[in-house]
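The values are calculated or read from the model by the stated rules, or taken from the named source; none is laboratory data. Being a predicted model, the structure only gives us computed values, none of them experimental. Cβ sites come from the backbone with ideal geometry, for glycine too, and all protein chains shown count toward neighbours.
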Amino acid sequence: MEIIALAGGIGGARFLRGLLGHLGNRDDEWSTATVTVIGNTADDITLFGLRVCPDLDTIMYTLGGGIHEAQGWGRDGETFSVSTELAAYEVPPDWFTLGDRDIATHIVRTQMLRAGWSLTDVTAALCSRWQPGIRLLPMSDDPIETHVVVLDDAGAREALHFQEWWVREQARRPAQEFVFLGAAEAKPTPAVLDAVREADVVLLPPSNPIVSIGAILQVAGIGDALRSASAPVVGVSPIIGGAPVRGMADACLAAIGVETSASGVAGHYGARIAGGLLDGWLVAEEDASTSAPAGVFQRSRPLLMTTEEDAAAIAGATLDLAVELRR
């Protein structure tokens, strides 16, 4: 059986770890399912001459056992000697800190990209070390970057790289618009389209619906492939009781006029029978009374991934709903 998931960073990575744990405890045909993850690359940025892919690395480190658990990003047991030296030289930027171990990953990636390797092949090579238990595919081999339009003190529009808005500014200035540079020209890789076509189920973890999963859907062809796929598409709400589980999804939703609620996100994705994406939708118990779009089967259960066991239970419930719809 083939499971496909679209994922961003921390929430997606923890859901995927739960999914692998859940599959290992099943005793049916899904126990040996293969998992392919289409990862968001629109958060990518070049820093100090190195190409950094935050979401791909968070998934790889989390599933490979190298993540800093408390943060949910970066390497466990990290040191920061290089960043300290860069600060001493007053080399910008000073708002994005790379750890020494993490820098090694970025050096390898950058060298391989400059040597002509595709991002897909580079990611596979990096994963050969970490053995994450999934096949991790970038959404495209073409460069795509999310930029955020904000207003300066004079009220003029200004564009920032997503990481600058998210990390440096902590989304303090409200986003007026999200621009996915390069997305219109980018193409999904054949591996991505083949994975969607061959999938038995498609899962949307509780990643940011605008700048994570939404960014993946900006690549021409991926949304169409999902809408025409024979596999059911089931999503997990990243909103519990009107607030994001973590991060600043509410700031992103407000920018495009979507209500910060489980039903608001479900409406943003839309029902597949009406040209949207969803066949099924998992919401928190606090949101059980909310309604999904017509044609979307909704279930409720606890959605906080406090422990790996919680994540496995949530992933299992998501897969169970997808299997039910598949039948």
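Descriptive notes on the structure:
- Qualifying positions in segment 275-325 - in a helix (DSSP H, G or I) and aromatic (Phe, Trp, Tyr): none
- Residue count for segment 52-82, restricted to those that are touching a helix residue (DSSP H, G or I) at 6+ places or on another chain (Cβ under 7 Å), part of a loop (DSSP other than H, G, I, E, B) and farther than 25 Å from Ala115 by Cβ: 6
- Qualifying residue in segment 169-185 (condition: under 30 Å from Gly295 (Cβ atoms), part of a loop (DSSP other than H, G, I, E, B), at pLDDT 95 or above and not acidic (Asp, Glu)): no
- Output for segment 310-327, where each listed residue is within 13 Å of Leu20 (Cβ to Cβ) and surrounded by fewer than 21 Cβ atoms within 10 Å (Cβ to Cβ): Gly316
- Within segment 159-213, if we keep just the residues that are within 21 Å of Thr260 (Cβ to Cβ) and of a type in the set (S, T, N, Q), the residue that is farthest from the chain's Cα centre (by Cα) turns out to be Gln176.
- Exactly one residue out of Asp94, Asp102, Asp44, Asp55 is free of Cβ contacts under 8 Å to residues at least 60 places away in the same chain, of a type in the set (D, E, K, R) and within 28 Å of Pro209 (Cα to Cα): that is Asp102.
- Qualifying residue in segment 19-28 (condition: in contact (Cβ under 8 Å) with a residue 40 or more places away in the chain and buried (at least 24 other Cβ atoms within 10 Å of the Cβ)): yes
- Selection from segment 215-248 of residues that are within 16 Å of Val37 (Cα to Cα) and buried (at least 24 other Cβ atoms within 10 Å of the Cβ): Ala215, Ile216, Val219, Val233, Val234, Gly235, Val236
- Here the condition is being surrounded by 21 or more Cβ atoms within 10 Å (Cβ to Cβ) and either modelled with pLDDT under 95 or of a type outside the set (Asp, Glu) (or both); of Gly280, Gly295, it holds for Gly280 alone.
- Subset of segment 1-51 (residues that are among the charged types (D, E, K, R) and not in a loop (DSSP other than H, G, I, E, B)): Glu2, Arg14, Arg17, Glu29, Arg51
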